[in-house]
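Student: The structure under discussion is supplied below as structure tokens; questions concerning it will follow.
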Amino acid sequence: MKDRIEVVVGDITQMQVDAIVNAANTSLLGGGGVDGAIHRAAGPELKEECRKLGGCPTGEAKITRGYRLPCRWVIHAVGPVWHGGTQGEEELLASCYRRALELAEEHGVRSIAFPAISTGAYRFPKDRAARIAVREIRCFLEAHPTIEKVFLVAFDEEMRGFYEKALEDEGLLRAKNDRDT
Ligand code: AR6
């Protein structure tokens, strides 16, 4: 399991994987942050396909092709806006990860990269989001061998630290010399 979840720092649009996950909004028509970066890199055809999907509820995900991105698929997951934790935000975020992984598996994805959904414009606390991501991904991978590799893409060192702490707490942090190579 340690080899199947890896933290990297960088831009998710550059990832050489079968699928990347987008932190979208319910319209699926694009926005700022990672959503904007994905739409810019994929080109206008992505928005055309998204337009046909008719939006997506919070906690759910929908899949499109990747167009000019190096990945074959983009899985658009809609995370919750953080309102203090009293409105089911944690469960909605967990649901995003599960639904994205289910769609990936249904499409034969073997490698997938996630951004830290909801931790930017939607203000979800980063340490909690990292713990939820690691827990849900681990749980799914244990039951589903098709997905060989999951990358947790941190956009900065702070987020990398939260992911590494969450992995360490689950006994999933790889040895430092493995991580540096
Ligand atoms: N690669 C990887 N991670 C990134 C990138 C990138 N290129 N760019 C930003 N991040 P956000 P949300 C990180 O705001 O909180 C959009 O307008 C960023 O540092 O993109 O789910 C949508 O349309 C942060 O840790 O998504 C929605 O309206 C994480 O990605 C809304 O924002 C998520 O930040 C969704 O908000």
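The values are calculated or read from the model by the stated rules, or taken from the named source; none is laboratory data. Being a predicted model, the structure only gives us computed values, none of them experimental. Every residue, glycine among them, receives a Cβ derived from its backbone with ideal geometry; neighbour counts consider all protein chains shown. When the accessible area is computed, the model is the full protein with side chains, heavy atoms only, and any ligands, DNA or RNA have been set aside. Shrake-Rupley method; radii C 1.70, N 1.55, O 1.52, S 1.80 Å.
Student: Among (1) open to solvent by 20 Å² or more (accessible area, probe 1.4 Å); (2) within 15 Å of the ligand (Cβ to nearest atom); (3) assigned to a helix (DSSP H, G or I); (4) touching a His at 6+ places or on another chain (Cβ under 6 Å), there is one condition Glu105 misses while meeting the rest; what is its number?
Tutor: (2)
Student: What number of residues in region 118-131 are closer than 12 Å to Lys165 by Cα and in contact with a helix residue (DSSP H, G or I) (Cβ under 6 Å, 6 or more places away or on another chain)?
Tutor: Final tally of qualifying residues: 4.
Student: Also: With the requirement that a residue be under 11 Å from the mean Cα position of the chain (by Cα) and among the aliphatic types (A, V, I, L, M), what does region 105-117 give you?
Tutor: Of the residues in region 105-117, the ones under 11 Å from the mean Cα position of the chain (by Cα) are 112-117.
Correct list: Ile112, Ala113, Ala116, Ile117.
Student: I need the helices (runs of 4 or more DSSP H) fully contained in region 109-181, keeping only those with at least 1 residues that are open to solvent by less than 60 Å² (accessible area, probe 1.4 Å), at pLDDT below 95 and within 16 Å of the ligand (Cβ to nearest atom).
Tutor: Values: elements: 126-143, 157-169, 176-180.
Passing ranges: none, list empty.
Student: Which one of these does Ala24 not meet: (1) within 11 Å of the ligand (Cβ to nearest atom); (2) more than 22 Å from Arg135 (Cα to Cα)?
Tutor: (2)
Student: Continuing with the same structure: Would you tally the residues in region 32-70 being within 16 Å of the chain's Cα centre (by Cα) and of a type in the set (Asp, Glu)?
Tutor: 2
Student: Would it be correct to say that Tyr97 is of a type in the set (Phe, Trp, Tyr), in a helix (DSSP H, G or I) and open to solvent by less than 70 Å² (accessible area, probe 1.4 Å)?
Tutor: Working: of a type in the set (Phe, Trp, Tyr): yes; in a helix (DSSP H, G or I): yes; open to solvent by less than 70 Å² (accessible area, probe 1.4 Å): yes.
Answer is yes for this residue.
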